[in-house]
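Report on the following structure.
Laboratory data are not the source of any read-out in this text; all were calculated from the coordinates shown. Everything quoted here is computed from the prediction, not taken from an experiment. As a convention, Cβ positions derive from the backbone with ideal geometry for all residues, glycine included, and neighbour counts pool all protein chains shown.
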C-alpha cells in the first residue's frame, strides 16, 4: 500500500463532468489499495471571476479580504469532488486549508507555508477515507485566511506529500508531462521522461508554467518524488527526481523556458558608492516585490546605472517607489519598459560543456535579436529581449540546441 498525493488543476476540475472524471481516477487508485490525498484548484476561470467581482467594487481591494474571497473557489471544488466520490461509493472528506491547519506567514496573496498538521488527515486515511484538500490556501497564526499566490495548489500538494511522507506526489494537469518548451510555441517540442529537481527549478523560475516554483523547491528539499501527468489521457508523464550520475552525460540543454510577464526598470545617474545598490533595491524588496535580473553599470563620470526586472503586475508599485528613491539620491532619470520577455536555456549538461553561452548568443544574433540583459547560473543562461522577438528566439534556440522531435 502506498500513500499518494494527487493534485488536479483548474482545467482538470473545470466542469461537473471533469470533476466526475477526476473522482473516477481517484476511485481507481483507491481501489488498488493506495491511500489517497487529493489537492485541488478552483474550477477553471473561477479565481479570475472572483477577482473581477472585487475590482468592480475597488481597484485595489484590501489584501486580507481578497484572500477571504478568492479562497472560496477551492472550497467549492473540494465539496463537489467529495460529492462525486460519495456517489460512486467512495468515502471521502473535504478540508479547507485552515481545517487541515496549513500554517502560513501573514503575507496575504503571497503567503509561505510554515507547518502542516497531518494528524487529522492521517487518521482519516487509516480509516479508509479519501482526503480532499483545498489547494492554494492556509491560515496565519491569528487564524486569518491566506493564499499562496497563483499556482499555489502545486505547492499545497507537495507540502502535503512532505508532511505525510507520501510515496509520490502526482501533479495532474492539461499536459502529459514536462516538455522541452511550450508545444504551443514550438510544435516540435518533446516530452521529457525525466528531469532533475535542479533543472525543473530553473525552468519553473524562468517562466515554465507546468509547475509552480515553490512546489519544486519543496519537492527537492524534502526529496518528494514528483510526477507530472495528464488528467485526460493515460501515460507515464515526466518524473522529477534527484540528479543521477547517468544524467550528467545527457543533452547539454534540456529545455527552453520563457516568461512574458517581466517588466524592466532603470535608474540612471546615481552616485557610484558603497551601499547604493541597497538604497535602490532595498525599498523594492521591503515592499514584497520580487526582483529578478539585476545589472549595474558605472559611467566615466563615476555615476551608476542600475537596471532590474520585476513581474509586470508589480511594475506600477515598483515605478512609484523608484521615483521616490530617485529623488532621494538625486538621480538623473527613471525609465520603465513593459515590452520585454525573458528566454532561458536550462540543462545540467552545461556543467561539463564549454561554449554554451557563445552558441546561444550566436543563434540569437543570426536572427538579429538584440540581447538587453544577461544572467546565468551553473545550469542556466537567461537573456532579456524585446517581447516581439520572444517566439522567434524560443523556436531558433530549440532547433539550434537539437531539441526538435526527430533531431
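Extending 7 Å from the Cα toward the beta-carbon at both residue 278 and residue 366 defines two label points whose distance is 4.7 nm. Using 0.36 nm per residue and subtracting the Cα-Cα separation, the extra length available between residue 388 and residue 376 on full extension is 2.1 nm. Working note: Debye formula, equal point scatterers on the alpha-carbon atoms of the range 3-174, no solvent; log10 I(q)/I(0) at q = 0.10 Å⁻¹ is -0.34. Alpha-carbon geometry of the range 260-407: the Rg and the Dmax are 17.2, 57 Å, given in that order. Computed from Cα atoms, the angle from the helix 390-400 axis to the main principal axis of the chain rounds to 80 degrees.
Ordered by packing density, taken as the mean number of other Cβ atoms within 10 Å over each peptide's residues, highest first, how do 81-88, 149-156 rank?
Most protected by this proxy first, the peptides run 149-156, 81-88.
Could you tell me how far the Cα centroid of the range 24-44 sits from the Cα centroid of the range 344-378, in Å? Between the Cα centres of the range 344-378 and the range 24-44 lies a distance of 41 Å. Using the Cβ-Cβ distance between residue 83 and residue 56 with R0 set to 22 Å, the FRET efficiency works out to roughly 0.15. Between 117, 328, 140, the Gaussian network model of the chain with springs among Cα atoms under 10 angstrom shows the greatest mean-square fluctuation at 328. Here the spin labels are modelled as points 7 Å beyond Cα on the Cα-Cβ line, and at residue 48 and residue 32 they lie 3.4 nm apart. Where is the GNM fluctuation largest for the chain (alpha-carbon springs, 10 angstrom cutoff): 179, 95, 278? Fluctuation is largest for 278.
When only alpha carbons are used to place a centre, the range 119-152 and the range 70-85 end up 12 Å from one another.
Find, to one decimal place in angstroms, the Kirkwood hydrodynamic radius of the range 40-114, where the mean of 1/r is taken over every pair of different Cα atoms and then inverted.
Values: mean 1/r = 0.0720 Å⁻¹.
It is 13.9 Å.
Please give the residues of the range 191-214, grouped as numeric ranges, whose backbone N is less than 14 Å from a label point set 7 Å along the Cα-to-Cβ vector of residue 261. Flagged as within label range: 204-214. Within the range 1-125, antiparallel bridges make up roughly 35 percent of the DSSP beta bridges whose residues both belong there.
Per DSSP H run of n ≥ 4, the term is -39500 (n - 2.57); total these for the chain, divide by its residue number, and report the mean residue ellipticity at 222 nm rounded to 500 deg cm²/dmol.
Rounded to the nearest 500, it is -10500 deg cm²/dmol.
Round to the nearest 0.05 the FRET efficiency obtained for residue 105 and residue 1 when R0 = 25 Å and r is the Cβ-Cβ distance.
On the way: r = 35 Å, r/R0 = 1.40.
Calculated value: 0.10.
Looking at the chain alone, DSSP beta bridges between its own residues are antiparallel in about 60 percent of cases. Viscosity 0.692 mPa s, temperature 37 °C: give me the Stokes-Einstein translational D for the range 68-108 in µm²/s, with Rh taken as the Kirkwood radius over C-alpha pairs. Taking Rh from Cα pairs, D becomes 283 µm²/s.
Summarising the overall dimensions of the chain from its C-alpha atoms, the Rg and Dmax are 22.7, 77 angstrom. Counting only alpha carbon atoms, the long axis of helix 152-164 and the longest principal axis of the chain meet at about 60°.
Shown is the FRET efficiency for residue 329 and residue 91, computed with R0 = 56 Å from the Cβ-Cβ distance and rounded to the nearest 0.05: 0.35.
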